[in-house]
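Novice: Dropping the structure in here first, questions after.
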Amino acid sequence: KRVAVLISGGGSNMLALLRDMVGDHPGRAVFVGSNDPTAPGLQRAAELGVAVAAVDHRPFGRDRAAFEAAMLAPILASEPDILCLAGFMRVLTPEFVRRFEGRMLNIHPSLLPKYPGLHTHARALAAGDTEAGCTVHEVTAELDAGPILGQARVPVLPGDTEAALAERVLRQEHRLYPAVLRRYAQGDRSRLDL
Ligand code: GRF
């Protein structure tokens, strides 16, 4: 399966996916795109020989559809079977999502359905949660609400700062996302709990 990945920043999840898609893996990375031309992940993907493209979302202002039309061009040119959002920080319109419904994944740094949206670690700490984690789900028009394909849990430790919890969760993201994509690329939609 041809896999395209969208990022907005460092791309550590994207790297974890690319590093896993080797050998007999059913997926092959064919494209990495970003809404930020300065995203460090673009350089790291290019160094791994993957086609990359950036479309700066800022000139499009509030015209979300126009940005997406520009971003869609290089994505479609790579003819992906699966689209993975990995630290991609733009909300996508239902029209864009519909194009990839049933073959688009996202990783979210909380145990959905808890804490959709932003600042997930701060919210877990503020709530006094003793457990946190991350979720890989299929992307649907409703933000952070598609069918869950996998979750990984971590303890919240006494005195945890947001940064400490974020780092502990991010390490699990790098385990969970590749494991889910490997199954998903083989047509296995069963839920994986790490
Ligand atoms: C991280 O906060 C991660 O939890 C979330 O997106 C952010 C950046 O991830 N998925 P990455 O390093 O760009 O993959």
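Novice: Somewhere in segment 122-131, is a residue of a type in the set (Gly, Ala, Ser), crowded, with 20+ Cβ neighbours inside 10 Å and under 16 Å from LEU192 (Cα atoms)?
Specialist: No, segment 122-131 contains no residue that is of a type in the set (Gly, Ala, Ser), crowded, with 20+ Cβ neighbours inside 10 Å and under 16 Å from LEU192 (Cα atoms).
Novice: Which one of ALA69, ALA73, ALA46 is assigned to a helix (DSSP H, G or I), out of contact with any strand residue (DSSP E or B) (no Cβ under 9 Å at 6 or more places or on another chain) and hydrophobic (A, V, I, L, M, F, W, C)?
Specialist: Being assigned to a helix (DSSP H, G or I), out of contact with any strand residue (DSSP E or B) (no Cβ under 9 Å at 6 or more places or on another chain) and hydrophobic (A, V, I, L, M, F, W, C) holds for just one of ALA69, ALA73, ALA46, which is ALA69.
Novice: In segment 123-142, how many are more than 13 Å from the chain's Cα centre (by Cα) and more than 18 Å from GLN172 (Cβ to Cβ)?
Specialist: Number of matching residues: 6.
Novice: I need every pair where a residue in segment 124-145 that is in contact (Cβ under 8 Å) with a residue 12 or more places away in the chain has its Cβ under 6 Å from the Cβ of a residue that is more than 12 Å from the ligand (Cβ to nearest atom) and charged (D, E, K, R), sequence separation at least 6 or different chains.
Specialist: GLU131/ARG153; GLY133/ARG153
Novice: Any residue in segment 157-168 that is touching a residue at least 12 places away in the same chain (Cβ under 8 Å) sitting within a Cβ distance under 7 Å of a residue that is of a type in the set (A, V, I, L, M, F, W, C) and more than 13 Å from the ligand (Cβ to nearest atom)? List the pairs, counting only those 6 or more apart or interchain.
Specialist: ASP160/LEU125; GLU162/LEU125; LEU165/LEU125; LEU165/VAL156
Novice: For segment 5-24, what are the residues that are acidic (Asp, Glu) and either closer than 22 Å to LEU92 by Cβ or touching a residue at least 12 places away in the same chain (Cβ under 8 Å) (or both)?
Specialist: Selection gives ASP20 alone.
Novice: Let me ask another. Please find, within segment 180-194, the residue that is nearest to LEU15 (Cα to Cα) out of those that are among the aliphatic types (A, V, I, L, M) and buried (at least 17 other Cβ atoms within 10 Å of the Cβ).
Specialist: My answer is LEU181.
Novice: Follow-up question, since we're still on this one. Tell me, please, whether a residue that is closer than 22 Å to THR135 by Cα, of a type in the set (Asp, Glu) and crowded, with 16+ Cβ neighbours inside 10 Å can be found in segment 64-76. Quick ask: steps written out before the conclusion?
Specialist: Start the filter on segment 64-76 by keeping residues that are closer than 22 Å to THR135 by Cα, which leaves none.
No, every residue in segment 64-76 fails to be closer than 22 Å to THR135 by Cα, of a type in the set (Asp, Glu) and crowded, with 16+ Cβ neighbours inside 10 Å.
Novice: For residues in segment 9-26 being within 11 Å of the ligand (Cβ to nearest atom) and assigned to a loop (DSSP other than H, G, I, E, B), which is nearest to PRO178 (Cα to Cα)?
Specialist: The selected residue is GLY11.
Novice: Still on this structure, I have one more. Kindly list the number of the only condition in (1) within 15 Å of the ligand (Cβ to nearest atom); (2) surrounded by fewer than 22 Cβ atoms within 10 Å (Cβ to Cβ); (3) modelled with pLDDT of 95 or more that fails for ALA45.
Specialist: Only one criterion is unmet by ALA45, namely (2).
The values are calculated or read from the model by the stated rules, or taken from the named source; none is laboratory data. Fair warning: this is a prediction, and the values are worked out from it, not measured in the lab. No Cβ is skipped: glycine too gets one built from the backbone with ideal geometry, and neighbour counts run over all protein chains shown.
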